[in-house]
1. Does at least one position in the range 120-130 carry a residue that is on the phi < 0 side of the Ramachandran plot, touching a strand residue (DSSP E or B) at 6+ places or on another chain (Cβ under 6 Å) and at pLDDT 90 or above?
2. May I ask you to verify whether residue 56 is at pLDDT below 95, surrounded by fewer than 17 Cβ atoms within 10 Å (Cβ to Cβ), out of contact with any helix residue (DSSP H, G or I) (no Cβ under 6 Å at 6 or more places or on another chain) and at negative phi?
3. Search the range 131-149 for residues being outside any strand (DSSP E or B) and under 18 Å from residue 91 (Cα atoms), and hand back the single one that is modelled with the lowest pLDDT.
4. Quick one: count up the residues across the range 53-109 that are in a loop (DSSP other than H, G, I, E, B) and closer than 17 Å to residue 153 by Cβ.
5. Would you confirm, using the coordinates I've provided, whether residue 20 is in a loop (DSSP other than H, G, I, E, B) and crowded, with 16+ Cβ neighbours inside 10 Å?
6. When the range 136-152 is examined, which residues are found to be touching a helix residue (DSSP H, G or I) at 6+ places or on another chain (Cβ under 6 Å) and either crowded, with 18+ Cβ neighbours inside 10 Å or at positive phi (or both)?
7. Can you tell me which residue is surrounded by the fewest Cβ atoms within 10 Å (Cβ to Cβ) among those in the range 30-46 that are free of Cβ contacts under 8 Å to residues at least 12 places away in the same chain and closer than 19 Å to residue 195 by Cβ?
8. Show the residue pairs that are 6+ apart or on different chains and have beta-carbon atoms under 6 Å apart, the first residue being within the range 157-171 and without any contact (Cβ under 8 Å) to a residue 60 or more places away in the chain and at negative phi, the second being surrounded by 21 or more Cβ atoms within 10 Å (Cβ to Cβ) and part of a strand (DSSP E or B).
């Protein structure tokens with residue numbers, strides 16, 4: 001898909017992002033509520049026959065919490081808006097698919113970093129076997145970690161916007177598999193929708 005930022009100088013990116021969010025089929029309030037509700041769902045989950053509670057008997061590592069949040073967001077979205085949204089199923093699809101118009105489908109990134117969002121190296125370099133688009137809408141959620149003596153970790157940041165493959169910087173090492181966003185993309189393309197208490 002053609003980037004909405006194509007041919008526009010960086011100083012215009014913020015206004016482009018705001019227009020994109022105004023036209024998006026979900027409001028910023030709906031997106032925030034979706035993330036916070038999905039995070040809360042994790043702590044109402046029971047595991048095993050003994051129904052161990054996440055956050056009490058089980059305190060998963062950040063990678064597991066991020067994975068579960070990543071899964072719950074599109075499932076809850078599809079449950080709320082059946083026929084409008086569904087969870088991505090095929091390898092080429094986004095994490096959350098907008099059924100009437102795929103242009104509004106979006107990827108989801110979660111992280112226990114305070115503000116960092118990380119992608120795969122393929123976002124930068126591409127690959128002959130990759131079929132998923134590398135530019136489009138992105139929902140980013142940052143959350144706290146479990147720590148001794150602290151209460152339940154919370155979502156600390158929710159951002160949404162449009163990212164292009166050129167917004168990612170790959171690790172310099174040839175073996176590096178991670179990519180990070182440019183400071184310009186973080187500032188002007190991913191709008192902060194929610195800031196919680198820093199943990």
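1. no
2. Considered against the rule, which asks whether it is at pLDDT below 95, surrounded by fewer than 17 Cβ atoms within 10 Å (Cβ to Cβ), out of contact with any helix residue (DSSP H, G or I) (no Cβ under 6 Å at 6 or more places or on another chain) and at negative phi, residue 56 comes out as yes.
3. Selected residue: 131.
4. 6
5. no
6. Of everything in the range 136-152, just one residue is touching a helix residue (DSSP H, G or I) at 6+ places or on another chain (Cβ under 6 Å) and either crowded, with 18+ Cβ neighbours inside 10 Å or at positive phi (or both), namely 141.
7. Looking at the filtered set, the residue picked out is 40.
8. 157/142; 159/140; 159/190; 163/138; 167/181; 168/119
The values are calculated or read from the model by the stated rules, or taken from the named source; none is laboratory data. Just so it is clear, the structure is predicted and the values come from calculations on it, not from any experiment. FYI the Cβ positions are ideal-geometry reconstructions off the backbone, even for glycines, and counts take in every protein chain you see.
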